[in-house]
1. Does any residue of segment 374-387 turn out to be within 24 Å of residue 451 (Cα to Cα) and in contact with a helix residue (DSSP H, G or I) (Cβ under 9 Å, 6 or more places away or on another chain)?
2. Determine if segment 268-288 includes at least one residue that is on the phi > 0 side of the Ramachandran plot and within 16 Å of the ligand (Cβ to nearest atom).
3. How many of the residues making up segment 256-273 are out of contact with any Pro (no Cβ under 8 Å at 6 or more places or on another chain) and more than 23 Å from residue 162 (Cβ to Cβ)?
4. Tally the residues that are within 16 Å of the ligand (Cβ to nearest atom) and not aromatic (Phe, Trp, Tyr), restricting the search to segment 400-420.
5. Determine, yes or no, whether residue 36 is touching a helix residue (DSSP H, G or I) at 6+ places or on another chain (Cβ under 6 Å) and either surrounded by fewer than 24 Cβ atoms within 10 Å (Cβ to Cβ) or of a type in the set (Phe, Trp, Tyr) (or both).
6. Tell me whether segment 319-328 contains one or more residues that are in a helix (DSSP H, G or I), without any contact (Cβ under 8 Å) to a residue 40 or more places away in the chain and within 16 Å of the ligand (Cβ to nearest atom).
7. Going residue by residue through segment 245-262, is there one that turns out to be more than 16 Å from the ligand (Cβ to nearest atom) and closer than 27 Å to residue 404 by Cα?
8. I'd like the full set of residues that are in contact with a strand residue (DSSP E or B) (Cβ under 9 Å, 6 or more places away or on another chain) and either within 20 Å of residue 168 (Cα to Cα) or among the charged types (D, E, K, R) (or both), limited to segment 445-460.
Amino acid sequence: MALLADGVSRLLIDGKLTSGGAGAFVTVNPATEEVLGEAADADAADMDRAIGAARRAFDETDWSTNTELRVRCVRQLRDAMREHVEELRDLTIADVGAPRMLTAGAQLEGPIADLSFAADTAEGYEWTQDLGQASPLGIPTRRSVVREAVGVVGAITPWNFPHQINLAKLGPALAAGNTVVLKPAPDTPWVAAVLGELIAEHTDIPAGVVNIVTSTDHALGAMLAKDPRVDMVSFTGSTATGRSVMADAAATIKKVFLELGGKSAFVVLDDADLAAACSVAGFSACVHAGQGCAITTRLVVPRARYDEAVAIAAGTMGSIKPGDPSKPGTVCGPVISARQRDRVQSYLDLAITEGGSFACGGGRPADQPAGFFIEPTVIAGLTNDARVAREEIFGPVLTVIAHDGDDDAVRIANDSPYGLSATVYGADSQRAAGVAARLRAGTVNVNGGVWYSADVPFGGYKQSGIGREMGTAGFEEYLEIKAIATAAN
Ligand code: NAD
């Protein structure tokens with residue numbers, strides 16, 4: 001059966017696919033500005049029912065304790081997605097504006113495969129650890145440490161890599177024994193709603209265990225953060241919204257897991273192959289039109305070779321033409337919306353106001369009258385104090401900054417409210433590793449190494465977040481720890 005057959009997606013609440021209390025809203029193809037169809041628009045009553053269903057499923061079924069069932073269900077979801085992968089690919093390209101080539105990786109097939117890691121981790125997990133017998137306070141006691149699910153998880157996600165982020169929450173949260181209410185971004189409702197269809201029709205996931213609530217109303221996300229029936233909120237999005245989620249969760253002392261923004265540095269040491277490093281930096285900044293939280297958007301290069309570095313980055317970025325994401329060769333598609341395009345443009349205007357100049361790009365491409373496209377842009381002539389070097393732009397924009405040696409490069413890279421990711425390029429790999437060790441960031445790529453993998457924890461220092469997604473650490477975010485002490489005779 002075709003997914004979203006009638007062009008209208010539904011909510012998944014308590015095992016049933018339903019329409020939204022607030023009606024429906026359109027979802028738009030960002031590459032063409034054409035309306036794709038409609039998504040159910042949930043209201044507060046829908047969210048209330050979803051939270052109630054998740055609470056009941058956690059409290060009244062054996063989901064949290066039946067590991068075999070959970071492992072099977074997570075694998076069923078993976079298999080159902082694989083069976084529909086071509087449909088999902090087309091849908092992802094259309095709903096997200098994701099370049100086709102990325103759907104072979106982090107935009108689709110990567111996260112589907114990563115569900116295996118969640119299921120395997122649950123299957124092989126040491127749920128109970130025997131600490132043996134001791135006599136604390138002189139009382140003979142047998143001690144064990146038990147891991148168990150946190151409870152009801154409210155998952156709130158953004159639009160940029162929606163499958164990756166939705167599944168990096170759903171997979172481990174479910175495998176660990178939680179029930180979930182997923183509230184995806186209103187910009188990409190279909191890629192989330194389709195999970196609801198697959199779960200309802202192709203898995204044994206019991207009613208209420210997963211609820212998917214699409215809505216234009218951001219307040220429904222805040223409801224999840226505030227509601228006392230929700231035990232944990234797992235949020236990915238901007239730092240500003242993350243701050244609000246954390247404040248809302250404070251009243252009920254909820255466990256808060258945050259994956260937030262970034263302004264990551266690409267550090268080029270003076271012994272590096274400058275041409276190779278700056279081309280890679282330029283290419284990376286264009287991927288998915290720069291809409292990746294961990295993309296390195298500050299290129300930090302030796303001062304003596306600054307002009308050369310700018311020219312190389314501009315040569316690469318100037319040659320990447322933003323275009324139709326459905327074409328196999330496209331690297332840089334559209335940004336998600338007119339609002340986002342205008343936001344990126346306002347940062348480009350700001351770069352000039354701040355005294356910078358464009359080595360390439362700087363505006364909307366003349367040959368793309370429809371769609372939310374921005375030209376890949378290199379900003380030169382600014383220091384790390386500029387707002388365009390400090391604030392997340394979330395477009396295909398690279399700011400090139402000069403450094404005066406390794407210590408200065410580390411200082412600049414770390415001089416950011418964010419600490420999500422970083423890259424270091426240098427010919428002497430020990431020296432590059434030494435620089436990497438001094439960077440305050442959750443993931444570091446040295447000379448092109450790839451940290452993105454199901455078994456590698458991902459997350460940020462400082463205002464880039466709290467906690468880690470993926471890897472065993474990402475699974476354990478969804479677990480509580482209970483110590484049991486039994487008097488031994
Ligand atoms: P956003 O913060 O505007 O929205 C994210 C989600 O939060 C959406 O579902 C939205 O409806 C919801 N939301 C909005 N206001 C809310 C509130 N007050 N309470 C609860 N939920 C609320 O982010 P976005 O614009 O959709 O996504 C882009 C941002 O996400 C960028 O800043 C990017 O860096 C960040 N991001 C981070 C990571 C990471 O892993 N660190 C990954 C992807 C994206």
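1. Of all residues in segment 374-387, those within 24 Å of residue 451 (Cα to Cα) come to none.
Within segment 374-387, not a single residue is within 24 Å of residue 451 (Cα to Cα) and in contact with a helix residue (DSSP H, G or I) (Cβ under 9 Å, 6 or more places away or on another chain).
2. From segment 268-288, those on the phi > 0 side of the Ramachandran plot are 288; that's our starting set.
Still in the running and within 16 Å of the ligand (Cβ to nearest atom): 288.
Taking every residue of segment 268-288 in turn, at least one turns out to be on the phi > 0 side of the Ramachandran plot and within 16 Å of the ligand (Cβ to nearest atom).
3. The number of residues fulfilling the criteria is 6.
4. The initial filter retains those residues of segment 400-420 that are within 16 Å of the ligand (Cβ to nearest atom), namely 416-420.
Still in the running and not aromatic (Phe, Trp, Tyr): 416-417, 419-420.
Residues flagged as within 16 Å of the ligand (Cβ to nearest atom) and not aromatic (Phe, Trp, Tyr) within segment 400-420 amount to 4.
5. Details: touching a helix residue (DSSP H, G or I) at 6+ places or on another chain (Cβ under 6 Å): yes; either surrounded by fewer than 24 Cβ atoms within 10 Å (Cβ to Cβ) or of a type in the set (Phe, Trp, Tyr) (or both): yes.
When the stated conditions are applied, residue 36 passes them.
6. To start, the set of residues in segment 319-328 that are in a helix (DSSP H, G or I) comprises 319.
Those left that are additionally without any contact (Cβ under 8 Å) to a residue 40 or more places away in the chain: 319.
Okay, now just the ones that are also within 16 Å of the ligand (Cβ to nearest atom), so none.
No, segment 319-328 contains no residue that is in a helix (DSSP H, G or I), without any contact (Cβ under 8 Å) to a residue 40 or more places away in the chain and within 16 Å of the ligand (Cβ to nearest atom).
7. From segment 245-262, those more than 16 Å from the ligand (Cβ to nearest atom) are 253; that's our starting set.
Narrowing further to those that are closer than 27 Å to residue 404 by Cα: none.
Within segment 245-262, not a single residue is more than 16 Å from the ligand (Cβ to nearest atom) and closer than 27 Å to residue 404 by Cα.
8. Across segment 445-460, the qualifying residues are 451, 452, 456, 457, 458, 459, 460.
Computed from the coordinates by the stated procedures, all read-outs in this text should not be read as laboratory data. Predicted model, so just to flag it, every value in this text is computed and none were measured. Every residue, glycine among them, receives a Cβ derived from its backbone with ideal geometry; neighbour counts consider all protein chains shown.
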